[in-house]
Amino acid sequence: MHSALVDLRSDTVTQPTAAMRAAMLAAPLGDDVFGDDPSVNALQARVAELLGFESALFMPTGTQSNLCALMSHCQRGDEYLVGQFAHTYRWEGGGAAVLGSIQPQPLPHQADGSIALADIDANIKPDDAHFARTRLLALENTIGGKVLPMAYLAEASHLALSRGLARHLDGARLFNAAVAVGGDPYQSAREICRHFDSVSVCFSKGLGAPVGSVLCGSRDFIARAHRWRKMAGGGMRQAGLLAAAASHALEHHVLRLADDHALARRLAAGLQGLPGVAVEAPQTNIVFVDVASDALAGRAEGVVGHLKAHGVLVTGLYRLRFVTHLDVDADGVDRAIAAMRAYFGA
């Protein structure tokens, strides 16, 4: 792909491929609110089977999928433990508290993106009317582009179970994590998911679908989530057009995530050595670049505008975020590197 614009703001900016559009056009359709859209039903059954769950539910967005999960696990006055920089706490509008009356207990992250087991254990409240009832541990994988170690997932899951907590995974980029783990990514994804009671998987990020996430869990859990989805306005009609895109992504776009990870490493390597700039080694498809506020006499504030003027879009200010995806190629990454190096005089 060669274009005038290199959009590294997020992997959500991907466009459906020609093959994906063809799959959408060919999808058999029904009314999903009546439960008879065959393309939606096929996607739900496939994702549930693949990830080791009894049931699954197609959602318009990952935010709604996570919200319905939290509200299915918790009641008013309950609490969930969550990372300070997890999406369900910081970047989803406070929905759990505002709409679900669920109190978040945000906890600090370790350098690898995990939450220390001691912090989890210490913040589970006693059964006392003074406290919200701690009911759920919510983790995210990947978190800030980092892959939670398999051993950690097992330990955190065991701790949660031993203390009577349910376990939810925001797996918006689950398959990026699975590819990074190695081996068969579908099997790795299933291995990650076995530590959780519910998992939300997003198809509109690196997998390249235009819309949609899938929430997985037990039959009873998904029945509760289905009711919340209806109340939250997520019941769609001929949604098979969208489900077909997700099914196509599941079959054809998982293995190629390794290409995005390789481009992220290429980008990080090309930015090494810039004055006043620290590059975090990427584990998946996200590269964070910290720019010192006094770098080159305060020029850090202008870097995003400079990149945009050179046809490269990123997010951030002193902490820039570059995200590789299926609509970015090596040439685009090299253009981003050249623009950064020109700005910082290297």
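Looking across segment 30-45 at every residue that is outside any loop (DSSP other than H, G, I, E, B) and in contact (Cβ under 8 Å) with a residue 24 or more places away in the chain, the one that is surrounded by the fewest Cβ atoms within 10 Å (Cβ to Cβ) is identified as Val33.
Filtering segment 148-186 to residues that are within 11 Å of the chain's Cα centre (by Cα) and either acidic (Asp, Glu) or assigned to a loop (DSSP other than H, G, I, E, B) (or both) leaves Asp170, Ala172, Arg173.
I want to confirm something. Restricting to segment 46-88 and keeping residues that are among the hydrophobic types (A, V, I, L, M, F, W, C) and part of a strand (DSSP E or B), which single residue is nearest to Leu29 (Cα to Cα)? Going through the qualifying residues, I end up with Phe58. Screening Ile120 against (1) outside any strand (DSSP E or B); (2) crowded, with 17+ Cβ neighbours inside 10 Å; (3) touching a residue at least 60 places away in the same chain (Cβ under 8 Å) leaves a single unmet condition, (3).
The set of residues from segment 228-256 being surrounded by 20 or more Cβ atoms within 10 Å (Cβ to Cβ) and either free of Cβ contacts under 8 Å to residues at least 60 places away in the same chain or among the hydroxyl-bearing types (Ser, Thr, Tyr) (or both) comprises just one member, Ser247.
Just so you know, in segment 257-275 the residues that are buried (at least 16 other Cβ atoms within 10 Å of the Cβ) and more than 17 Å from Lys205 (Cα to Cα) include one that is farthest from the chain's Cα centre (by Cα), and it is Leu274. Anything in segment 196-254 that is under 15 Å from Arg46 (Cβ atoms) and not hydrophobic (A, V, I, L, M, F, W, C)? List them, or say none. Within segment 196-254, Gly212, Ser213, Gly240, Ser247, His248, Glu251, His252, His253 qualify.
Each value in this text was obtained by applying a stated rule to the coordinates, not by laboratory testing. Quantities reported herein were computed from a predicted structural model and do not represent experimental measurements. Note that we place each Cβ from the backbone using ideal geometry, even for glycine, and neighbour counts take in every protein chain shown.
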